[in-house]
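Everything below concerns the one structure shown next.
The values are calculated or read from the model by the stated rules, or taken from the named source; none is laboratory data. In this text, all values refer to a predicted model and were calculated from it rather than measured experimentally. So basically every Cβ, Gly included, is an ideal-geometry build from the backbone, and we count neighbours across all protein chains shown.
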Amino acid sequence: MSSQPPALEMRGIRKSFAGNIVLEHVNLTARSGEALALVGENGAGKSTLMKILAGVHQPDDGEILLDGTVVKFARPADALAAGVAMIYQELSLAPHLTVAENIFLGREPLQSATFGLINQRDLNARAQKLLDEYGFKLDPKMRVGRLSAADRQLVEITRAASSHTGDSRRVIVMDEPTSSLTDREVEELFRLIRDLKKRGMAIIYISHRLEELPEIADQLTILRDGHAVYNGRWGEIGTDEMIRHMAGRALKEIFPPRKAQIGDVKLRVTDLSRPPKFQHVSFNARAGEVVGIAGLAGAGRTELVEAIFGATPADSGQVEINSEPFTAIHPNASVKRGLSLLTEDRKRTGLCLNLPLSTNVTLANVGALVQGGRLQRKVELNATTNYIQKLSIRPPSPGKAVGRLSGGNQQKSLLARWLFAESRVFLLDEPTRGVDVAARAEIYREINELAEAGAAVVMVSSDLPELLGMADRILVMRRGRLVAELNARQTTQEEVLKHAALEE
Amino acid sequence: MSDWLKRFLPFLSLIALCAIIPLAEYFILGHDSKFLTAGNLAAIARQTAVITIMAMGMTMVMVSGGIDLSVGSIVGLSSVVGAMAMASGTPVLGGFLICLAVGAACGWLNGAAVNLLKIPAFIVTLGGMGIYRGLGLYICDGNAVVGLPQSAGYLAEKTFLGFIPLPLLIVIAIALIVHFVLSQTQLGRYCYAMGSNLEAARYAGIRVSRYQIMYYAILGALSGLAGAIETSRTVTGQPNGGEGYELNVIAAVVIGGGSLSGGQGTVVGTIIGSLIMGVLANGGNLLQISPFIQKIVIGAVIVLAVTFDEFQRRRVESTEA
Ligand SMILES: Nc1ncnc2c1ncn2[C@@H]1O[C@H](COP(=O)(O)OP(=O)(O)OP(=O)(O)O)[C@@H](O)[C@H]1O
Ligand SMILES: [Mg+2]
């Protein structure tokens, strides 16, 4: 190492929320031209640490140095001006604006600086150029509110990555940028990251998908319970030791075995269509079975499960539950029939962020709490505590506003809601999005229990190892059509990908 | 710390007001407090009763993420219709029930329109405000409806133990019911869920439109009840009754910690909000402060309350995981 100071240094960072210590004396160093992988369990404090760097939170103690000089960020704008850009874990785009408008929000190319006139054509053209350069297939004129979670993530990435002008940008933080991306987009992202590294940027990269880290990481920092328990060069320790540092214990197996009896058809979908999103989709799911749905982003998987659930009804086709025809026109009818959908976008369609964890867990089955016209708080509390233990939701406080839990714990709360709703057919759209390795194993165990108890599970996932490890059958969607059905025991990632990406 | 402040600020303000006014009476006007007499307190209760009743319903609607600007007009319309019925021989009790029914129907219409037209509630009920007011004026040709039996005054004038006005008892009963509903029932639970995240509530299997319409209908019925009390107070049907009430009602909810963006608000808070406004007006009169200045003060209080609410909300949002 030369005498040149690192691009970013955080020293002795301490932070507490309402008396709870979340970060304690954390040190972190990121060098220009390198990527620092930041890992840790859900709630370890990764996002909080990065939000301090981005000026969203103020540290109680400690200092931040950019190129060796101490800086203080009172607000996000200060951090941006100093060259720190961040992709937040929970998406933060303006839904009513277009892709191009979001990418250039706050730095629009102006036609006339005096009048603040925006040159729309120039804006779109520049956005298109960036998207092409990064290899993202998006229409700059599309309104962001209509994009899938994955596409929105691509917009966020484009916005952060393109926000550097000359050498004014030094650090880019990516908080779980791949949590809803499929392998192909992840590859594009990695290409982009390597390019940014070459241009001398320091990247901080947070992810729970440990298997993708070797591709880009140069340094590794592990957080546990708000402490930096490991700082070192990438590759000095193996995955097992990494997990042990994260969880404080070794993990036996990620995909626990399942002993489910496969029974009658619980869900039958026939010729379901809502062009152009998906067309002529037919499949079934039996009791005790886990059916995986794979595909690239935009293949129509989310739209398909939303249609089965009745959130946005299909144009034509039939759905049968327990061999009885069922027309989903409103989620209410579906929930009553024992059908549930764990949505992909927990912030928009999932959680009531400012309401307590307990309210969120019981929301789909409030009727079960009512006795004599009254909500029984004790029943609610017991149920919530039960799921807190089962899914190890941290912190274990039923009264805490769910928006104040870490991302992975929010995801577990949402899963708990559908477990409490006592559904028999589960549609799970990216069920482990943002969940750490150890907790993921718990969710898999929970899914197995459901199947063993005779439920049918349909699991949409962009995480191929997860599909291969969990599903009995894997259906592959491409451009709105089901193009393959594979036996999960016998297939490989390559084969799934081949079907998903053919003819492109 | 600030959560604590958020919860108790309205209450502390009310206590402070109730302490400052008698002191001011003593030191500025040089006489003993008129403010803290049973008669005056009963007067405050009577003056704020109508607003508080409506504010109970408004709390529900606003917690669920909606708003209703037409409530003042509903007071006028229900008063006119109820009074016309009484003037043409319907028994007094029947007339009051008609007021309630008219109000509930108007509220139901508001809720249905918000859901069917998919237009913001603010706009729909702004239209409703004009429509209901115009309708009331039209059917009585703009004149107060007279010729009601003397017994129509019962609802507003009856007192218990010599000084507890009947409307106060009605307020207490309704407050207890709405508090129970909001904190203990499914209807109330869905109210908070919808106001916090409407889409999430829908995905959780809640019939959001049905519930929304219900909240508006309840608010409408309570506005109709307010119309009945106004009719009883003047023993006439007043087509211009309730004019401007919507602002006081919304202000009561907001001062009491209710959020304009939904998901937050309590019955206790709203009652305190309503009392703060009532005490401000009453104290202002006792201290011989110009009513014009009083308006300025109340306006400032509303802005402060909303500023505080927004400030709180931004803090919560900036800390989401
Ligand atoms: N605004 C807040 N108020 C109170 N507690 C908070 C707040 N924000 C975060 N926390 C708490 O701080 C801890 C760390 O949260 P953080 O979001 O940093 O975790 P994380 O490492 O990013 O987890 P994940 O992998 O699940 O995203 C959690 O226990 C969380 O509940
Ligand atoms: Mg996080």
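Some values worked out for this structure:
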| read-out | value |
| --- | --- |
| Residues of the stretch A:214-268 classified as of a type in the set (Phe, Trp, Tyr) and not assigned by TED's automatic domain parsing to the domain that holds A:LYS51, total | 1 |
| Scan of the stretch A:395-412 for residues that are within 19 Å of A:GLY40 (Cα to Cα), within 13 Å of chain B (Cβ to nearest Cβ) and either more than 10 Å from ligand 1 (Cβ to nearest atom) or not in a helix (DSSP H, G or I) (or both), ordered by number | A:PRO395, A:LEU405, A:SER406 |
| Identity of the residue in the stretch A:1-60, within 14 Å of chain B (Cβ to nearest Cβ) and surrounded by fewer than 18 Cβ atoms within 10 Å (Cβ to Cβ), that ends up nearest to ligand 2 (Cβ to nearest atom) | A:PHE17 |
| Entirely in the stretch A:286-368, the strands (runs of 3 or more DSSP E) that have 1 or more residues that are more than 11 Å from every other protein chain (Cβ to nearest Cβ) | A:290-295, A:316-321, A:324-326 |
| Filtered residues of the stretch B:193-215 (kept if aliphatic (A, V, I, L, M) and part of a helix (DSSP H, G or I)) | B:ALA193, B:MET194, B:LEU198, B:ALA200, B:ALA201, B:VAL208, B:ILE213, B:MET214 |
| Neighbours by Cβ (under 7 Å, 6+ apart or cross-chain): first from the stretch A:402-426, under 26 Å from A:ARG286 (Cβ atoms); second within 16 Å of ligand 2 (Cβ to nearest atom) and basic (Lys, Arg) | A:LEU414/A:ARG346 |
| Filtered residue count, the stretch A:196-208, keeping only those that are surrounded by 17 or more Cβ atoms within 10 Å (Cβ to Cβ) and in contact (Cβ under 8 Å) with a residue 60 or more places away in the chain | 9 |
| Counted residues, the stretch A:436-453 - those being within 16 Å of ligand 1 (Cβ to nearest atom) and among the acidic types (Asp, Glu) | 2 |
| Which numbered condition A:ASP225 fails, given (1) farther than 27 Å from A:GLU452 by Cβ; (2) without any contact (Cβ under 8 Å) to a residue 40 or more places away in the chain | (2) |
| Flag for A:VAL281 being modelled with pLDDT under 95 and either away from every other protein chain (no Cβ under 14 Å) or touching a helix residue (DSSP H, G or I) at 6+ places or on another chain (Cβ under 9 Å) (or both) | no |
| Scope the stretch A:209-222; condition within 16 Å of ligand 1 (Cβ to nearest atom) and in contact (Cβ under 8 Å) with a residue 60 or more places away in the chain; matching residues | A:ARG209, A:LEU210, A:LEU213, A:LEU220, A:THR221, A:ILE222 |
| Options A:GLY40, A:GLY55; residue that is touching a Lys or Arg at 6+ places or on another chain (Cβ under 8 Å), in the same structural domain as A:GLU176 (by TED's automatic domain parsing) and within 9 Å of ligand 1 (Cβ to nearest atom) | A:GLY40 |
| Which numbered condition A:PHE426 fails, given (1) away from ligand 2 (no atom under 16 Å from the Cβ); (2) within 12 Å of another protein chain (Cβ to nearest Cβ); (3) closer than 29 Å to A:ASP264 by Cα | (2) |
| Number of positions in the stretch A:76-124 that are charged (D, E, K, R), within 23 Å of A:LYS347 (Cβ to Cβ) and either touching a Pro at 6+ places or on another chain (Cβ under 6 Å) or modelled with pLDDT under 85 (or both) | 1 |
| Qualifying residue in the stretch B:216-225 (condition: modelled with pLDDT under 95 and assigned to a helix (DSSP H, G or I)) | no |
| Those residues of the stretch B:200-223 which are aliphatic (A, V, I, L, M) and more than 14 Å from every other protein chain (Cβ to nearest Cβ), in sequence order | B:ILE213, B:MET214, B:ALA217, B:ILE218, B:LEU219, B:ALA221, B:LEU222 |
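Here is a yes/no grid of residues against (1) surrounded by fewer than 24 Cβ atoms within 10 Å (Cβ to Cβ); (2) part of a helix (DSSP H, G or I):
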| site | (1), (2) |
| --- | --- |
| A:ILE393 | no, no |
| A:ALA438 | yes, yes |
| A:SER462 | no, no |
| A:LEU486 | yes, no |
